[in-house]
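The values are calculated or read from the model by the stated rules, or taken from the named source; none is laboratory data. Fair warning: this is a prediction, and the values are worked out from it, not measured in the lab. Glycine gets a Cβ as well: all are built from the backbone with ideal geometry, and neighbour counts include every protein chain shown. Calculation scope for accessible area: heavy atoms of the full protein, side chains included, ligands and nucleic acids excluded. Shrake-Rupley method; radii C 1.70, N 1.55, O 1.52, S 1.80 Å.
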Amino acid sequence: MTRMIRFIIFSFIALSGSAMASNSCVLTMGWDHWPPFMYQDDSKNMTGTHIELIREVVTTMGCEIQFKELPWKRSLLELRKGNIDLVGGASWTQERSVWAHYTDPYVNNQISLFVLRSELDKLGDINSLQDIRNSRFQLGMLRGAYHGPELEKMLEDPEFMSHVQIANTETLNVKKLVLKRIDGFFMAREAGEALLRSLNMQDEIMVHPYTLMVDKHYVMMSKNSVPLELVEKFNASLNQLKESGRYSEIFSQ
């Protein structure tokens with residue numbers, strides 16, 4: 001075999017391999033530490049109910065998933081640019097729907113108010129956002145978090161905003177609550193309870209009777225990097241896992 005023939009054969013193989021790689025389905029998911037939904041175990045393996053479900057759905061689609069750790073607000077920015085392909089645990093908003101595809105909802109999400117157990121009786125009646133506005137209550141919120149249209153509307157009110165303190169992490173809100181710099185914070189109930197257990201603070205901090213909202217969580221996919229056909233495949237695979245019983249197994253673990 002001449003050098004020229006070998007060169008042609010090897011070049012063809014290399015080009016074929018490149019074409020196969022370019023046609024492969026690899027999706028990058030932005031994530032942040034959010035147990036029990038998304039976190040790394042002691043062996044640095046990605047786990048959590050949302051991670052397990054999304055990984056299985058993507059695998060059922062015939063795709064590979066890669067994970068990139070980013071703060072939530074940064075994940076939204078990278079998703080909008082198409083630098084990552086998807087995020088989980090997202091609420092639906094009109095603004096986001098302009099630049100992101102939404103899958104079918106995959107789980108319900110309760111947003112609860114967490115307060116110091118020792119201060120509960122001193123807080124007075126808190127049954128609405130207006131009660132917070134009309135009191136001395138200081139509310140902790142996570143930067144970039146969305147907790148429904150009612151709260152978004154209230155955030156346009158300067159008087160209500162005088163009762164709001166923004167934090168970059170949920171753990172910081174817990175610390176501020178213990179130091180009594182805030183009177184409470186909103187957080188997904190399961191995630192909040194898991195955070196308190198990890199900090200061994202479940203006896204000091206409790207869920208207030210007032211629930212802000214119960215909404216649905218979606219996977220958002222970037223319109224700049226993910227074609228609509230893949231969103232449809234995701235929904236079909238999600239329904240397949242529900243019908244097989246695997247969905248229930250993941251959320252009962």
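Here are a few things to note about the model shown:
- Within segment 92-130, the set of residues being touching a strand residue (DSSP E or B) at 6+ places or on another chain (Cβ under 9 Å) and among the aliphatic types (A, V, I, L, M) comprises A100, V107, I111, L113, V115, L116, L120, L123, I126, L129.
- For segment 169-198, taking the residues that are more than 18 Å from the chain's Cα centre (by Cα) and outside any helix (DSSP H, G or I), the one that is farthest from S128 (Cα to Cα) is identified as L179.
- So G89, is it at pLDDT below 95 and either out of contact with any strand residue (DSSP E or B) (no Cβ under 8 Å at 6 or more places or on another chain) or more than 23 Å from L172 (Cβ to Cβ) (or both): no
- Among residues of segment 49-67 that are farther than 10 Å from S237 by Cβ and open to solvent by 60 Å² or more (accessible area, probe 1.4 Å), those with a beta-carbon under 8 Å from a residue that is outside any strand (DSSP E or B) and not β-branched (V, I, T) at least six positions away or on a different chain give the pairs E64/S24; E64/C25.
- For segment 169-192, filtered to residues that are among the charged types (D, E, K, R) and buried (at least 19 other Cβ atoms within 10 Å of the Cβ), the residue that is farthest from F251 (Cα to Cα) is D183.
- Of all residues in segment 110-168, those being touching a Ser or Thr at 6+ places or on another chain (Cβ under 6 Å) and either open to solvent by less than 40 Å² (accessible area, probe 1.4 Å) or assigned to a helix (DSSP H, G or I) (or both) number 1.
- Residues satisfying the stated conditions in segment 46-97, i.e. assigned to a helix (DSSP H, G or I) and of a type in the set (S, T, Y): T49, T59, T60, S75, S97
- Some residue of segment 212-221 being on the phi < 0 side of the Ramachandran plot and more than 17 Å from the chain's Cα centre (by Cα): yes
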